[in-house]
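These notes are about the structure you will find just below.
The values are calculated or read from the model by the stated rules, or taken from the named source; none is laboratory data. Worth saying up front: this structure is predicted, and the values here are computed from it rather than measured. All Cβ positions, even for glycine, are placed from backbone atoms using ideal geometry, and neighbour counts span all protein chains on display.
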Amino acid sequence: MCSSPLRRNWPIGPRRAEAAAKSALSAALAVAFVFTTQSSAAAIPRSTGAAEWGKVATDGSGGWVLSTDDAQRDYHPTFVGNGYLGARIPAAGQGWADKPIPTQFELAGLYSTPPDTTAVKPSLPAWSSLDISEGESSASAALGAGKVSKYRQSLDLRTGTLTTTARWTSPSGRTADLRYRLVADRARKHVAVVHLEMVPRWTGTATVTDLIDDRAAEHLKSPVRGSSEDKHQVWETRRAEGNSTQVAIASQLDAPGRITPMGGDVTGQRATVRVTAGVPVNVTKFVGIASTQDSTDALATARQQSADATRVGWARLTAENAAAWRKLWRARVEVQGDSRLRRQVLASQFYLLASVRAGSPWSPSPAGLSSDGYNGHVFWDTETWMYPSVLAQHPDIAKSMLQYRINRIDAARKYAKDGGYSGTRFPWESALSGLEDTPSWASTGRYEQHISSDISLAVWQYWLATGDRTWLRDKGAEILRGVADFWVSRVTRNADGSSSINGVTPPDEYVENIDDSAYTNMAARDSLRFAVQAAKIFGQPANPQWSRVADSLRIPFDAKTGTHPEYDGYAGKRIKQADVVLMRYPWENPQSAEVTRADMARYVPRTDPDGPSMTDSVHSIISSELGDPGCAAMTYTKRSVDPFIRAPFEQFAEARSGGAFTFMTGTGGFLQEFLYGYSGMRWRDDRVYLDPTLPPQLTGISMRELSWQGRKFTMEIGPHQTTVRLLNGAAMPVEVRGHSKNLRPGQQLKVPTRRPDLAPTIDLARCAAISADSSDPSSPAVAAVDGDAQTFWQAKTPDPALTVNLERPRRLRTLTADWGDERPKQYTVELSRDGHHWTPAATVEGGQTKDTVDLEERTAALVRLKIGGEGDDGPQLHSLTLR
């Protein structure tokens, strides 16, 4: 990431600052919940513990529908998107709200370029507003007055439909049952729809207001408004600040009764509807959105799309949207054996897909289409963290994501030339122009240059995964050659004949302007070699400097410790995020398992727990690859998601304490744990390599419609056996742990599932079922028995208890507890055969970091540690062993 979590939220405008202040005041005063503007939830708070997640409702959907009936406590509004347009929708189910965070309305490719600053992602006006009031008064009561009961909001991940239901009682005492359904149409990228079904409990009139709410708009010039009363359509156009891009929004209303434009300084229209008690009233708002980035006449496109959607109608439009999502969901990952993790995986796939689409030449920013986080700029987050999860199952979308870089290669050449270098240098932060858009106060724009290599890796991965020679020849190779030429001109030749890259910031952004970053040099080396290999594929001569520089680059290595120092002079400081460990994954640096293991042991404990959320995803993937006895991969999986996920719609925040939201970087890293970690899948130009493994906490992982060079295949990882099925395409060479097979269409391959937790051991507790009545999400209970000395369990509340379930009575001789540097003052060991009757076995006091307790060969099925009064910053149990 480009900066610390606190600095990563760029300065906000006066209106948003005021909104944030009001939100804080609302929280302080515990204002009662009313739909549109008042909520006591703080903006992106630290996640609550697992025991406090009861408000995420279950409805028998198998994790596909996420629901809540409480929009006041720990509520974070979700967003919907179709890869072109996205909107964060408040608790009301429509409209705009500034709390608990401002709801924003995004459009792919739309940037403003204000003078004397970097490009920013503007927020559109809130196009989703569809209010209801009683009577004929033009002063709509909407849902901001009166009372709300029987509230429920649900996101159906299968179709991207957000449904909000409630009983609304107006200030005069009249009541109506309301159901809002909102869709960003996946079948029509320019279209979004809001549908209201109202069942009034009175007879008389109601007023429905269709509004394009300008309060949400930011970094856009003043609107030009228009309306067509006979077509029941209103619209407005705006220009981006600092450039000629125009965006248009049109809304057409399908409602009974008389519809009239509102006029004046408002873009909206009202329908006056006669209602009868108990008789449903249906109103639909069809929205068209376009910009001149993708349409010659944005207004004409928006109006036409709105009108066409109206003619199609709500029922058919939503059916086509569902069909489009159904096609995407044929390729998915599903987890068995952990319902919460299953929800998190499904939700993560939805949010990532909601921010990208095939045919769109725009790459997602760290917040995707959920908000303007990081000003909507494009970082290495795209190619390193999001892109691989898309490539595995949606190569057509992955291709579109790379097109963003291809379209800006001339700007990257200019950026290199302006700095005195050759070739192609991509900016650390990219927006509309493709030139450097990092804010002036951040040094990362000057020093964090590994991004060019990260893009080369993405290009090479696309070639391996698709085998598309035409694309590589016409588009990809140009990037590979340009990046290679940049590194040739960037290195410094040393007296001993080696080469260095000096003055860089590595992925660990807690340091800057250092020399010989292990990651930067290794990535530059491999980028140079990609260019050589691409030239060989097409029988073209390769620049001899590419190989010379690649072979001479220094990759720091300490033979005494058997590890890679992060950079020349690294002395063991805390690091911000994954850095050296990335050399093994995703780069597959050729190094021994011992070196990989030593790098993990050195850097995992030094990684800041308050850093961004994607780091532990790499630790999980590498742990799966190493396969050391135990189940550490699942510990890292839990660490990579639970501290960062936000209720009730399972969205990632950047850091435990907040940051960018919804954080697609963390989402992408999390999904890679399943697609490349537990599967062991690696792309090769002539085969697919697989090495399936499963932690004992899960009963299975299904990966449907994986893609490789025109083939589709599935992978079902079970507790003992993994089945690989080739669905279509030519025969597929598959390698599993050194054994190869040519899999034909319709055939299936069955291989043993690797189970590191079943490795022989005398430790009865290792990977046993374990639970705690309190755990910090960053330090789950499983860490105490996962066999990894770098992980630990830590309680979140005072007086915690930790229980190991051995499943059947066992004769126990000793218990050993390794507390590291943080141990409790006192704890009691208790034993039980049945979970109901507990017998104290020992009380332990003292200052040892490791205790061995004599259990006198007692028989027990459950062992419990009860710890006394240590508080939130209590002891850390690194390992618990039973013999």
Here the residues within the range 152-185 that are under 32 Å from the mean Cα position of the chain (by Cα), surrounded by fewer than 21 Cβ atoms within 10 Å (Cβ to Cβ) and outside any loop (DSSP other than H, G, I, E, B) are 152, 156, 163, 165, 179
Taking into account only those residues within the range 139-175 that are of a type in the set (Ser, Thr, Tyr) and in contact with a Lys or Arg (Cβ under 7 Å, 6 or more places away or on another chain), which is modelled with the lowest pLDDT?
-> 169
If you go through 518, 523, 534, the only one that is in contact with a Leu (Cβ under 9 Å, 6 or more places away or on another chain), closer than 23 Å to residue 381 by Cβ and not acidic (Asp, Glu) is 523
Report, ordered by the first and then the second residue, all pairs with beta carbons closer than 6 Å, sequence separation of six or more or different chains, a first member in the range 728-751 that is in the same structural domain as residue 716 (by TED's automatic domain parsing), and a second member that is small (Gly, Ala, Ser).
-> 729/710; 742/731; 744/731
Filtered residue count, the range 60-73, keeping only those that are on the phi > 0 side of the Ramachandran plot and buried (at least 19 other Cβ atoms within 10 Å of the Cβ) = 1
In the range 319-334, is there at least one residue being of a type in the set (Lys, Arg), under 16 Å from the mean Cα position of the chain (by Cα) and either surrounded by 24 or more Cβ atoms within 10 Å (Cβ to Cβ) or modelled with pLDDT of 95 or more (or both)?
-> yes
Can you tell me which residue in the range 600-648 is nearest to residue 509 (Cα to Cα), limited to those that are without any contact (Cβ under 8 Å) to a residue 60 or more places away in the chain and among the charged types (D, E, K, R)?
-> 606
Answer yes or no: is there a residue in the range 335-342 that is of a type in the set (Lys, Arg), in contact with a strand residue (DSSP E or B) (Cβ under 8 Å, 6 or more places away or on another chain) and surrounded by fewer than 24 Cβ atoms within 10 Å (Cβ to Cβ).
-> yes
Failed condition for residue 455, given (1) touching an Asp or Glu at 6+ places or on another chain (Cβ under 6 Å); (2) more than 19 Å from residue 398 (Cβ to Cβ) | (2)
Select from the range 110-134 the residues that are β-branched (Val, Ile, Thr) and modelled with pLDDT under 95 and write down the one among them that is surrounded by the fewest Cβ atoms within 10 Å (Cβ to Cβ).
-> 117
Working carefully through the options 716, 673, find the one that is free of Cβ contacts under 8 Å to residues at least 24 places away in the same chain and under 23 Å from residue 638 (Cα atoms).
-> 716
Checked 301, 382 against criteria (surrounded by fewer than 23 Cβ atoms within 10 Å (Cβ to Cβ) and within 30 Å of residue 218 (Cβ to Cβ)); the one match is 301
Spot the failing condition for residue 789; the list is (1) assigned to a loop (DSSP other than H, G, I, E, B); (2) of a type in the set (Gly, Ala, Ser); (3) surrounded by 16 or more Cβ atoms within 10 Å (Cβ to Cβ), and only one is missed.
-> (3)
Would you mind stating whether residue 687 is among the basic types (Lys, Arg), touching a Gly at 6+ places or on another chain (Cβ under 6 Å) and modelled with pLDDT of 95 or more?
-> no
Only one of these is farther than 30 Å from residue 122 by Cβ, without any contact (Cβ under 8 Å) to a residue 24 or more places away in the chain and surrounded by fewer than 22 Cβ atoms within 10 Å (Cβ to Cβ): 470, 466. Name it.
-> 470
If only one of 208, 234, 193, 199 is more than 23 Å from residue 306 (Cα to Cα), aliphatic (A, V, I, L, M) and assigned to a strand (DSSP E or B), which one is it?
-> 199
Checking 188, 215 in turn, the sole residue that is basic (Lys, Arg), surrounded by fewer than 23 Cβ atoms within 10 Å (Cβ to Cβ), out of contact with any strand residue (DSSP E or B) (no Cβ under 8 Å at 6 or more places or on another chain) and not in a strand (DSSP E or B) turns out to be 188
List every residue pair whose Cβ atoms sit under 9 Å apart, with the two residues 6 or more apart in sequence or on different chains, where the first one lies in the range 268-288 and is within 23 Å of residue 316 (Cα to Cα) and the second, anywhere, is among the aromatic types (Phe, Trp, Tyr).
-> 282/314; 284/314; 285/127; 286/314; 287/127; 288/235
Look at the range 166-188 and say how many of its residues are more than 16 Å from residue 322 (Cβ to Cβ), in contact (Cβ under 8 Å) with a residue 24 or more places away in the chain and not aromatic (Phe, Trp, Tyr).
-> 9
Scan the range 786-817 residue by residue and report those that are modelled with pLDDT of 95 or more, closer than 23 Å to residue 639 by Cα and more than 33 Å from the chain's Cα centre (by Cα).
-> 805, 817
Does any residue of the range 275-286 turn out to be aliphatic (A, V, I, L, M), over 30 Å from residue 361 (Cα atoms), in contact with a Phe, Trp or Tyr (Cβ under 8 Å, 6 or more places away or on another chain) and surrounded by 14 or more Cβ atoms within 10 Å (Cβ to Cβ)?
-> yes
Go over the candidates 323, 331, 248 one by one and state the one that is touching a strand residue (DSSP E or B) at 6+ places or on another chain (Cβ under 6 Å), within 30 Å of residue 404 (Cβ to Cβ) and touching a residue at least 60 places away in the same chain (Cβ under 8 Å).
-> 331
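A quick yes/no check of all residues on (1) in the same structural domain as residue 739 (by TED's automatic domain parsing); (2) out of contact with any Gly (no Cβ under 7 Å at 6 or more places or on another chain); (3) touching a residue at least 60 places away in the same chain (Cβ under 8 Å); (4) closer than 30 Å to residue 739 by Cα:
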{"position": "763", "(1), (2), (3), (4)": "no, yes, yes, no"}
{"position": "809", "(1), (2), (3), (4)": "no, yes, no, no"}
{"position": "832", "(1), (2), (3), (4)": "no, yes, no, no"}
{"position": "849", "(1), (2), (3), (4)": "no, no, no, no"}
{"position": "853", "(1), (2), (3), (4)": "no, yes, no, no"}
{"position": "860", "(1), (2), (3), (4)": "no, yes, no, no"}
State whether the residues of the range 822-836 include one that is closer than 30 Å to residue 622 by Cβ and either in contact with a Cys (Cβ under 9 Å, 6 or more places away or on another chain) or of a type outside the set (A, V, I, L, M, F, W, C) (or both).
-> yes
Which of the residues belonging to the range 491-550 are of a type in the set (A, V, I, L, M) and part of a loop (DSSP other than H, G, I, E, B)?
-> 491, 495, 501, 511, 542
Output for the range 616-652, where each listed residue is β-branched (Val, Ile, Thr) and part of a helix (DSSP H, G or I) | 618, 621, 622, 635, 637, 641
Just give me the residues in the range 419-440 being farther than 19 Å from residue 524 by Cβ and more than 26 Å from the chain's Cα centre (by Cα), in sequence order.
-> 440
